[in-house]
1. Could you give the nm distance between label points at Thr121 and Thr44, where each point is 7 Å from its Cα heading toward the beta carbon?
2. Could you state the accessible area per residue of the chain in Å², with a 1.4 Å probe and every protein chain left in place?
3. Just to check I understand the Karplus step: with θ = phi - 60° and J = 6.51 cos²θ - 1.76 cosθ + 1.60, what whole-Hz values come out for segment 72-82, glycine and proline as x?
4. Taking Cα centroids, how far is segment 91-162 from segment 25-63 in Å?
5. Where in the chain is the longest stretch that carries no chymotrypsin sites (Phe, Trp or Tyr not before Pro) classed as loop by DSSP and with at most 16 other Cβ atoms within 10 Å?
6. Within the chain, what whole-number % of the accessible surface is contributed by carbon and sulfur, with the 1.4 Å probe and all protein chains included in the calculation?
7. Cα atoms only: what Rg and Dmax, in Å, come out for the chain?
8. Give me the one-decimal nm value for the distance between modelled label points at Asn57 and Asp77, 7 Å along each residue's Cα-to-Cβ direction.
Amino acid sequence: ANGSGSTTQTVTITLLSLPAANAGADITICQSASTTLNASGGGTYLWNTFQSTASINVVLTQTTSYSVIVTSGNCTDTANVNVIVNSLPTANAGADVTIPIGSGTILNSTGGTSYNWSPSTGLSCTNCQNPTANPPVTTDYIVIVTDANGCTDIDTVNVFVDNTCKELYLPNAFSPNADTE
């Protein structure tokens, strides 16, 4: 042979597809609420919290950013998600009050944009800010205050019903013509 022969060699090249890391859309929650973060796009996951599952549960008191490394084969991709934390409203049901039996009082709540009172016994309304309370017996009223972000807080007010009889004043002398002698 003259050495001019050619040789053919076949090489197989395997292209690994890059993972498409996805940590989901940013989430807004109320302070101290829990939420689940879900990652996708690969075979294994590693969050910056050192958790290695696709889904993680978080309970937060402040806005926090999370990242996840998604791995498929030898290739990796990273995704981020922000959890925005809204602070809670401060519910105030007003000061405890004592009323005579059969009378009423106005409850004064503050702290939100909507209010829900319970129990309904003796209340003029359960979903108003300042209901009139006329309970037949001493009652603890609970108000759930909700703010514009949908976050809630709870407070209680006690309406003490005084059912003691008042002593009648009777003069010790009687005059038929209303004079004092």
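The values are calculated or read from the model by the stated rules, or taken from the named source; none is laboratory data. What you see is a predicted model, and the numbers here were worked out from it, not measured in a lab. As a convention, Cβ positions derive from the backbone with ideal geometry for all residues, glycine included, and neighbour counts pool all protein chains shown. Ligands, DNA and RNA are stripped out before the accessible areas are found, and what is left, the full protein with its side chains, is counted by its heavy atoms. Shrake-Rupley method; radii C 1.70, N 1.55, O 1.52, S 1.80 Å.
1. 6.1 nm
2. 66 Å²
3. 9, x, 9, 9, 10, 8, 10, 9, 10, 8, 9
4. When both Cα centres are located, 38 Å separates them.
5. 51-168
6. About 51 percent, which is the carbon plus sulfur part of the accessible surface.
7. For the chain, the Cα radius of gyration and maximum Cα-Cα distance read 35.3, 158 Å.
8. Here the answer is 2.9 nm between the modelled labels.
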